[in-house]
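Enquirer: Attaching a single structure in structure tokens format; questions to follow.
The values are calculated or read from the model by the stated rules, or taken from the named source; none is laboratory data. Since this is a predicted model, take the numbers as computed values, not measurements. Ideal geometry is used to build each Cβ from the backbone, glycine not excepted, and the neighbour counts take in all protein chains shown. When the accessible area is computed, the model is the full protein with side chains, heavy atoms only, and any ligands, DNA or RNA have been set aside. Shrake-Rupley method; radii C 1.70, N 1.55, O 1.52, S 1.80 Å.
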Amino acid sequence: MSRPSVTVGHRPDLGFLVAAAVDRRSAQWLEQAGFVRDDALDLHRPRHDSPATVERQLRDAIRLLTAAEYGVTRVFSEAEQRARIEDRPSWVGDGGVRTALDRIVYGDMLTADICNGHLTLLASHHSPYGGRELLGLYAATGEGAIFYKGRRPYYKVNRHEDLDSALTTWTASGYATQPPADGARRNAALSSSPSRPQATSAAPSSAGPAPQRPPRPTSGHVPRPF
């Protein structure tokens, strides 16, 4: 049985990150990580707007929610993809696609392709069991890809001939492709077909008692999404 999944994403129309809790318990974990409820939107949002603080709260939220046996789906905006290209690390350099042919890829290969604009990262999913999945689109060919990482230090890749095929697989797992909508629009979206993400489910939790809060990270480092 699939676990309930909290969706987090940057809303370009609002200009900030929002999260959609699936029940009261997941809302409490978001608030413990530093998110606050925005009653006007019927969503949660980070308490502060400095990038380092937002990323720390998001990192805490993912850690707390997955420890409590929730999945977390992070949907990325076109603006976030542009920022990755503009803020490309110096070690990446220029080059061709590094992840297109191999069945096994490493994080530095993904970083290079994303920061060079070859691969658009549309969404990621963190599972309660430590797994991570990424939904991507190759800009030059229009091919879709889903990358999966378990407890080993590399990703396996399932390639798709186009984005629609990858979306079918992604949404079949119950993962979101759009950032959370507010209020009535979110409720309507739950009963509609999944929409296509920009290219550049609310089942009650069956988890047991809430776990003890893990130690908070002290570093202000902004981690890569993969």
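Enquirer: Which residues in region 120-154 have a backbone N closer than 16 Å to a point placed 7 Å from the Cα of residue 108 along the Cα-to-Cβ line?
Expert: Counting backbone N atoms under 16 Å from the label point, the list is 153-154.
Enquirer: Just subtract the alpha-carbon distance of residue 40 and residue 24 from 0.36 nm times their residue separation and send over the number in nm, one decimal. Intermediate values should be presented prior to the final figure.
Expert: On the way: separation 16, 0.36 × 16 = 5.76 nm, distance 1.74 nm.
Contour length minus the Cα-Cα distance gives 4.0 nm.
Enquirer: Tell me which residues come under 5 Å, amide H to amide H, from residue 38 once H is placed; ignore anything under 5 positions away on its chain.
Expert: 43, 44, 45
Enquirer: So what is the accessible area of region 1-121 per residue, in Å², with the probe set to 1.4 Å?
Expert: Solvent-accessible surface per residue comes out at 46 Å².
Enquirer: Given R₀ = 35 Å, what would the calculated FRET efficiency be for residue 14 paired with residue 101, taking r from the Cβ atoms and rounding to 0.05?
Expert: For R0 = 35 Å, the calculated efficiency reads 0.35.
Enquirer: Hey, rough spin-label estimate for residue 82 and residue 129, points 7 angstrom out along Cα→Cβ, what's it come to in nanometres?
Expert: 3.9
Enquirer: Please give the charge dipole size of region 1-125, origin at the Cα centre, charges +1 on K and R Cβ atoms and -1 on D and E Cβ atoms. Round to the nearest 20 debye.
Expert: 320
Enquirer: Compute the distance in nm between two label points, each set 7 Å from the Cα along the Cα-to-Cβ direction, one at residue 53 and one at residue 152.
Expert: It works out to 4.2 nm between the two label points.
Enquirer: Please state the charge dipole magnitude for region 1-69, taken about the Cα centre, from unit charges on C-beta atoms (+1 on K and R, -1 on D and E), reported in debye and rounded to the nearest 20.
Expert: The dipole of region 1-69 has a size of about 220 debye.
Enquirer: With +1 on each Lys and Arg Cβ and -1 on each Asp and Glu Cβ, and nothing else charged, work out how big the dipole of region 94-160 is about its Cα centre, in Debye to the nearest 20. Present the calculation step by step, with values, prior to reporting the outcome.
Expert: On the way: 8 positive and 6 negative charges, 76 e Å.
Its charge dipole is roughly 360 debye.
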